[in-house]
Amino acid sequence: MNLTLDKLNFGIKNCKKCPLCKSRLNAVPGEGAVNPKIFFLGEAPGINEDRTGKPFVGKSGKYLDELFADIGILRNEVYITSSVKCRPPKNRRPLPNELKICRLNWLDKQLMIINPKLIVMLGKVALLQLTNRTDNLTQVHGEIFTYHSSQCLITFHPASAMRFPKIDILMKQDFQKLKLLLEKLG
Ligand code: URA
């Protein structure tokens with residue numbers, strides 16, 4: 001089957017495979033460049049994303065845009081999505097079955113189609129979703145490893161960096177690592 005991102009997005013927007021579909025306004029497939037080098041993976045849509053159907057459009061998104069600007073990345077050059085595509089009620093953490101269903105049906109296929117050179121995991125849920133790892137982020141942030149044919153960088157979720165000044169500093173350091181990685185990958 002010739003699975004394109006458009007077809008996948010249509011599937012995501014109409015998905016009824018897990019209970020999150022009952023409380024969402026809009027599913028948020030993700031968005032970005034057609035052939036991006038970097039794929040950013042967050043946790044789950046929040047209230048603004050649920051309303052608009054677009055990823056990272058709230059406060060976390062503004063913070064992310066600042067981090068992009070710091071290292072000379074434009075939002076429309078990358079792809080941004082989340083570990084689950086629908087907002088969990090009251091912004092609770094996605095449940096294991098929601099993560100599993102969303103990964104098998106959508107995230108794995110997005111990664112297969114986009115095949116990014118670099119995946120940046122934003123936070124604990126993204127790390128869990130992609131690798132099943134439950135490490136403490138303060139210990140493993142900045143780590144780089146290979147996943148299929150992509151290089152992966154572990155960092156924090158923008159929401160944590162906005163709340164905790166120490167995390168803000170560490171996340172900015174991780175983005176400097178990302179800048180170097182991008183320069184190396186060409
Ligand atoms: N946090 C996420 O992880 N994803 C979004 O789209 C917004 C906030």
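Bear in mind that the values in this text are calculations on the coordinates, not laboratory data. In this text the structure is predicted, and so the values were computed from the model without any measurement. For neighbour counting, all protein chains shown are included, and Cβ atoms are generated from backbone atoms with ideal geometry for every residue, glycine included.
Going by amide H atoms built from the backbone, whose H comes under 5 Å of the H on S82, apart from near neighbours?
G42
Going toward the positive end of the dipole of region 1-132, with +1 on Lys and Arg Cβ and -1 on Asp and Glu Cβ, which of C15, N35, L64 do you reach last?
The listed residue farthest towards the positive side: C15.
From the phi of every residue in region 72-80, what ³J(HN,Hα) in whole Hz does the Karplus formula 6.51 cos²θ - 1.76 cosθ + 1.60 yield, where θ is phi - 60° and glycine or proline is x?
Whole-Hz 3J(HN,Hα) from phi for region 72-80: x, 9, 9, 4, 7, 9, 10, 10, 10.
Could you run the Karplus curve 6.51 cos²θ - 1.76 cosθ + 1.60 with θ = phi - 60° over region 106-117 and give me ³J(HN,Hα) per residue in whole Hz, x for Gly and Pro?
10, 4, 4, 6, 4, 5, 5, 6, 6, 6, x, 5
Residues with amide H under 5 Å of V120's amide H, sequence separation 5 or more or different chain, H placed in the peptide plane at 1.01 Å from N; which?
F39, F40, L41, L153
Size of the dipole of the chain about the Cα centre, Lys and Arg at +1 and Asp and Glu at -1 on the beta carbon, nothing else charged, in debye to 20? Intermediate values should be presented prior to the final figure.
On the way: 29 positive and 16 negative charges, 142 e Å.
Using only the charged Cβ atoms, the result is roughly 680 debye.
Using alpha-carbon positions, what is the distance between the centroids of region 142-179 and region 38-58, in Å?
18 Å
To the nearest 20 debye, what charge dipole does region 97-167 have about its Cα centre, counting +1 at the Cβ of each Lys and Arg and -1 at the Cβ of each Asp and Glu? Present the calculation step by step, with values, prior to reporting the outcome.
Working: 8 positive and 4 negative charges, 21 e Å.
Computed charge dipole of region 97-167: roughly 100 debye.
Before rounding to the nearest 500, sum -39500 (n - 2.57) across all DSSP H runs of length at least 4 in the chain and divide by the residue total; then give [θ] at 222 nm in deg cm²/dmol. Walk me through the numbers on the way to the answer.
Numbers: 10 runs with 84 residues, N = 186.
Only helices count here, giving -12500 deg cm²/dmol.
Projecting each Cα onto the charge dipole of the chain (Lys/Arg +1, Asp/Glu -1 at the beta carbon, about the Cα centre), which of Q176, M112, P88 comes out farthest on the positive side?
Of Q176, M112, P88, it is P88.
Which of the peptides 51-57, 77-83, 168-174 is most tightly packed, and how do the rest follow, judged by the mean count of other Cβ atoms within 10 Å per residue? The partial results should precede the final answer.
Working: 51-57: 19.3, 77-83: 23.0, 168-174: 17.1.
Result, highest mean first: 77-83, 51-57, 168-174.
Mind giving me the nanometre distance, one decimal, between the label points for N14 and A33, set 7 Å out from Cα along Cα→Cβ?
It works out to 3.1 nm between the two label points.
Using θ = phi - 60° and the Karplus form 6.51 cos²θ - 1.76 cosθ + 1.60, what ³J(HN,Hα) does each residue of region 23-37 get, whole Hz, x for Gly and Pro?
With the stated coefficients, region 23-37 comes to 9, 6, 8, 9, 6, 10, x, x, 7, x, 5, 5, 10, x, 7 Hz.
Is there a pair in K59/K100; K90/K124; K62/K172; K100/K177; K17/K117; K54/K166 whose C-alpha atoms are over 23 Å apart, and which pairs would that be? Write down the numbers at each step before the final one.
On the way: K59/K100 27 Å; K90/K124 18 Å; K62/K172 14 Å; K100/K177 30 Å; K17/K117 29 Å; K54/K166 29 Å.
Violating the 23 Å limit, Cα to Cα: K59/K100; K100/K177; K17/K117; K54/K166.
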